[in-house]
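*Asks:* Attaching a single structure in structure tokens format; questions to follow.
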Amino acid sequence: MDPGEGDIWLNPDDIDPDVRQRAWELIEAKFEKIIDGFYRSVLASEHGRLLANQDVVALKAKQKVHWRNLFLQAEADNRAYYLRLERMYARHREIGLDNTSYISAYIFLLGSFHRAVLKGSAGPKEAHQLIVAVNTIVASDINRAMEVQHETLLID
């Protein structure tokens, strides 16, 4: 069965490593443009104030490492990953980023990742595989981020 058919609970670890690699190669080739557009959009919005006094260059570098790890490391269920998510959630909470904005940021990146893989794919079959992989990886990251948020709120 192809990914995207059947089981709704997709697991990023089920994605073929070659598909993960190919998706990241296409995204990475456009990543600087994607992340520049993301921060340009944030800075121009009402949320631009949240980035006051932030090292945006360092934030962009952290984002690239985060996404590279998600695409290239099949085993994302590790303590280091969850610690990064806990730090990210704490920081987002500290600066006042609400869930609506947080999810909107994911959707912005998801659309940008889609465009990157669609422009670089070798045809409809590969495009489908890559889009399913991207959706699965991004959805899994959102899910894990929400789990961390939920667990943190239960502790507070």
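The values are calculated or read from the model by the stated rules, or taken from the named source; none is laboratory data. Since the structure is predicted, the reported quantities are computational estimates derived from the model, not experimental observations. Using ideal geometry, Cβ is built from the backbone for each residue, glycine included, and neighbour counts are taken over all protein chains shown.
Residue-by-condition table, conditions (1) over 17 Å from residue 149 (Cβ atoms); (2) among the acidic types (Asp, Glu); (3) part of a helix (DSSP H, G or I); (4) without any contact (Cβ under 8 Å) to a residue 60 or more places away in the chain:
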| position | (1), (2), (3), (4) |
| --- | --- |
| 33 | yes, no, yes, yes |
| 58 | yes, no, yes, yes |
| 102 | no, no, yes, yes |
| 105 | no, no, yes, no |
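*Asks:* Further question: What tally of residues in segment 97-111 results from selecting those that are farther than 17 Å from residue 140 by Cα and in contact with a helix residue (DSSP H, G or I) (Cβ under 7 Å, 6 or more places away or on another chain)? Write out each step before concluding.
*Replies:* We begin by selecting, within segment 97-111, every residue farther than 17 Å from residue 140 by Cα; these are 97-98, 100-101.
This time we only want the ones that are in contact with a helix residue (DSSP H, G or I) (Cβ under 7 Å, 6 or more places away or on another chain), so: 97, 101.
The number of residues fulfilling the criteria is 2.
*Asks:* Right, another one. Where residues in segment 19-57 are more than 15 Å from the chain's Cα centre (by Cα) and β-branched (Val, Ile, Thr), which of them is farthest from residue 106 (Cα to Cα)?
*Replies:* 19
*Asks:* Now for a different question. In segment 21-47, how many are buried (at least 16 other Cβ atoms within 10 Å of the Cβ) and either on the phi > 0 side of the Ramachandran plot or modelled with pLDDT of 95 or more (or both)?
*Replies:* Counting residues in segment 21-47 that are buried (at least 16 other Cβ atoms within 10 Å of the Cβ) and either on the phi > 0 side of the Ramachandran plot or modelled with pLDDT of 95 or more (or both) gives 10.
*Asks:* Modelled with pLDDT of 75 or more, out of contact with any helix residue (DSSP H, G or I) (no Cβ under 7 Å at 6 or more places or on another chain), outside any helix (DSSP H, G or I) and of a type in the set (S, T, N, Q) - does that describe any residue in segment 124-146? Walk me through how you get there before you give the answer.
*Replies:* Of the residues in segment 124-146, the ones modelled with pLDDT of 75 or more are 124-146.
Those left that are additionally out of contact with any helix residue (DSSP H, G or I) (no Cβ under 7 Å at 6 or more places or on another chain): 124-126, 128, 132, 135, 139, 143, 146.
Subsequent filtering for residues that are outside any helix (DSSP H, G or I) retains none.
Checking segment 124-146: not a single residue is modelled with pLDDT of 75 or more, out of contact with any helix residue (DSSP H, G or I) (no Cβ under 7 Å at 6 or more places or on another chain), outside any helix (DSSP H, G or I) and of a type in the set (S, T, N, Q).
*Asks:* Related question: Out of curiosity, is residue 92 more than 13 Å from the chain's Cα centre (by Cα), at pLDDT 90 or above and assigned to a helix (DSSP H, G or I)?
*Replies:* Values: more than 13 Å from the chain's Cα centre (by Cα): yes; at pLDDT 90 or above: no; assigned to a helix (DSSP H, G or I): yes.
Considered against the rule, which asks whether it is more than 13 Å from the chain's Cα centre (by Cα), at pLDDT 90 or above and assigned to a helix (DSSP H, G or I), residue 92 comes out as no.
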